[in-house]
1. Once you put a point 7 Å from the Cα of ALA26 and another 7 Å from the Cα of ALA93, both along the Cβ direction, what distance in nm separates them?
2. Expressed in nm to one decimal, what extension gain is obtained for the pair SER113 and SER62 from 0.36 nm per residue of sequence separation less their Cα-Cα distance?
3. Using only alpha-carbon positions, what ratio does the radius of gyration of the range 50-90 give when scaled by 2.2 N^0.38 Å?
4. Quickly rank 50-56, 92-98, 37-43 as a protection proxy: mean count of other C-beta atoms within 10 Å, highest first.
5. Pull out the extension gain between ALA71 and ALA85, defined as 0.36 nm times the separation in residues minus the alpha carbon to alpha carbon distance; nm, one decimal.
6. Over the range 27-125, with a single point scatterer placed on each C-alpha, what log10 of the ratio I(q)/I(0) does the Debye formula yield at q = 0.14, 0.25 1/Å?
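What follows is calculated from the coordinates using simple rules that are stated; it is not laboratory data. On a predicted model such as this, the values are computed, not experimentally measured, just so you know. Using ideal geometry, Cβ is built from the backbone for each residue, glycine included, and neighbour counts are taken over all protein chains shown.
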Amino acid sequence: MASANAEISELPSEEGQGGGRCPSRARPVDLVYLAAKTRADRATEAEVLQAFASQVRQCLRSLVPGGDAAANRTAAARLRAAALAVGAFALSATAEAVERDGADTDAIESVYSRVIEAENFVSGLCR
C-alpha cells in the first residue's frame, strides 16, 4: 500500500507551483498525459502520435464549413475522441463545440487551426 501511495504522489498534479495548471496542458498535446497512457514508452508514443495525425487528417476531410451539419457533428465526435486519447485537450474542446453545433463555421475554423497546431507539434516530436 505504501508503494502505491508513493507512485500516486509522483504523478503530476493539475496544479503546479503558484496554483497554476500543469504546464504540459498548455501544449497542443499533453506529453505528461500521453506518457502516462503509454507507460513512457517512446516508441509507442511516436506510433500513437503518428496514428493520431493520420486519423485527424481523415476526420478533417469530413469537416466542411457550410456543409452537412450532421456529417460535421459525426466528424467532430471522431476528432474529439482521437484528441482525448492522446491528450490534445484544446483540440478536443474545439471539436466539442462543432459536435454541439455542426453548422458553426467559426467553430469549424477553430478546429482547423487547432489541428494545424497539433500536427506541427507532432511533426516536430517525430523527427
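1. Once both label points are built, they end up 1.4 nm from each other.
2. Values: separation 51, 0.36 × 51 = 18.36 nm, distance 1.56 nm.
Separation in residues times 0.36 nm, less the Cα-Cα distance, equals 16.8 nm.
3. Working: Rg = 10.2 Å, N = 41, 2.2 N^0.38 = 9.0 Å.
Against the empirical 2.2 N^0.38 Å value, I get 1.13 for the range 50-90.
4. On the way: 50-56: 17.0, 92-98: 21.3, 37-43: 11.9.
Put in order of decreasing packing, that is 92-98, 50-56, 37-43.
5. Numbers: separation 14, 0.36 × 14 = 5.04 nm, distance 2.15 nm.
In short, 2.9 nm is gained.
6. Those come out to -0.46, -1.23, one per q.
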